[in-house]
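The values are calculated or read from the model by the stated rules, or taken from the named source; none is laboratory data. These numbers were taken from a predicted model, which means no experiment stands behind them. Quick reminder, even Gly has a Cβ in these numbers, built from the backbone with ideal geometry, and neighbours come from all protein chains shown. Heads up: the accessible areas ignore ligands, DNA and RNA and are worked out on the full protein's heavy atoms, side chains in. Shrake-Rupley method; radii C 1.70, N 1.55, O 1.52, S 1.80 Å.
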Amino acid sequence: MHAVVLVGGFGTRLRPLTLATPKPLLPIANLPLLERLMASLARGGVSDAVLSLGFKPEPFLDAFPSNVCAGVRLTYAVEDRPLDTAGAIGFAARQAEIHKHDESFVVANGDVLCDLDISALVKFHKSNGAQATIHLTPVEDPSQYGVVETNPQGKVLRFVEKPSPGETNSRNVNGGTYVFEVSALERMPGVAPLSIERNTFPEMVRDGQLFGYATSDYWIDAGRPESYVRANIDLLQRESIHQVEAVSNSAQIAKSAMVTQSVVGRNCTVGENAQIIRSVLLEGSSVDQDAVVVDSAVMGRIGSFAQVTSCLVGVDGEVRSGAVLRDAKVPDAS
Ligand code: GDD
Ligand code: MG
């Protein structure tokens, strides 16, 4: 089976991390997010994926030089301007000539990590004769997602992207993994910007063609600062690892430093008495002596005695010694 994986967004919410590394290539517990996503697509029967990009594919070619990721063959569809989600799917699916291979294909948002059994989603899709089926997942605050109302059989009655308060009572949201019949491509010409969430899905709802498959297994969209850090920490807990040091002896962690529920990447340095709590140190970053890093992701450098909470520090970011920062982006990336 073929898949289109949407990776063309700018990763704005994860700046400044994404100024150096595209969002899908950011590591989750030291493996690129895309590799974890591809592994789950492969388990569900996906053999080929087209990465739908709005910019140069070089970082991806460098990351997967053999054009294989987690056993899935990769091709690239590069838009000359952002086509939005449905435009991107239409463009990439045609580029990969998916209609020549399959009747159904999978689409995945490139920033979602989940335990969804994709083959079960495909089976449910086929059993309804639907044109498209969306994976649904329950969340506490649906305001940042596409909210979906269904009937008991799973037929979608309403799809509201990022609803305002009170607009819908449903807590089930679009989980960002879909199965489409090739016939759905007629709705997605792929030549101009078009939103799957705001145009195509509501249109399919009107035609009674859209189904939703709800599961309550693990799910996270790692595309926001707190959820990016959380996705890393969740993975440690789910795999019952206390802390991950990529290649354990390539990171230098002082004996007196304390690293708790955190991921330490390759070639990182953690100084004497530093504390790293529920955080992600990406490859090559450093935390100097007596600094405290909590709930943060760091690519750059944290000076001694600094205290950093809920921050993103980019590759050129430097938090000066003794600084106290909360909810900050360094350098400021807004
Ligand atoms: N190729 C391409 N071109 N990809 C794009 C474009 C584009 O113009 N715009 C966005 N994407 C990609 C992003 O890279 C991402 O993988 C995916 O489309 C979704 O975009 P996000 O920016 O991450 O959207 P979101 O998280 O706010 O909302 C989406 O995901 C939620 C689940 O995580 C929506 O699909 C919601 O309905 C959904 O609930
Ligand atoms: Mg997202």
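Here are a few things to note about the model shown:
- Sites count as exposed loop sites when they are GluC sites (Glu not before Pro), lie in a DSSP loop, and have at most 13 other Cβ atoms within 10 angstrom; the longest stretch of the chain without one is 1-96.
- Portion, in percent, of the accessible area of segment 247-330 that falls on carbon or sulfur, probe 1.4 Å: 43 percent
- Cross-link reach list, aspartates and glutamates versus K155, counting only Cα pairs under 18 Å and skipping chain neighbours closer than eight places: E181, E197, E203, D207
- E272/Q237 FRET efficiency (R0 25 Å; Cβ-Cβ; nearest 0.05): 0.35
- Residues in segment 273-283 carry Karplus couplings, in order, of 6, 5, 10, 10, 10, 6, 9, 10, 9, 7, 2 Hz; the curve used is 6.51 cos²θ - 1.76 cosθ + 1.60 with θ = phi - 60°, and Gly or Pro positions show x.
- For the pair M258 and D327 in one chain, pulling the backbone fully straight at 0.36 nm per residue adds 22.6 nm over the alpha carbon distance.
- Where both bridge residues fall in the chain, DSSP classifies roughly 35% of the beta bridges as antiparallel.
- Taking the Cα centre of segment 16-83 as reference, the dipole from Cβ charges on Lys and Arg (+1) and Asp and Glu (-1) amounts to some 180 debye.
- For segment 36-62, the residues whose amide N sits under 17 Å from a probe point set 7 Å from the Cα of D80 along the beta carbon direction are 53-57.
- Whole-angstrom gap from segment 49-91 to segment 108-149, using each part's C-alpha centre: 22 Å
- Proximal lysines to K23, defined as alpha-carbon separation beneath 17 angstrom and excluding residues fewer than eight positions away on the same chain: K56, K329
- Dipole magnitude of segment 142-213, debye to nearest 20 (Cβ charges: Lys/Arg +1, Asp/Glu -1, about Cα centre): 160 debye
- Accessible surface, the chain, averaged per residue in Å² (probe 1.4 Å): 43 Å²
- Of the complete DSSP H runs in the chain, those spanning 15 angstrom or more by Cα along the long axis with a mean Kyte-Doolittle score not below -0.5 are 33-43, 84-95, 118-128.
- Choice from L51, L281, L235 with maximal GNM fluctuation in the chain (Cα, 10 Å cutoff): L235
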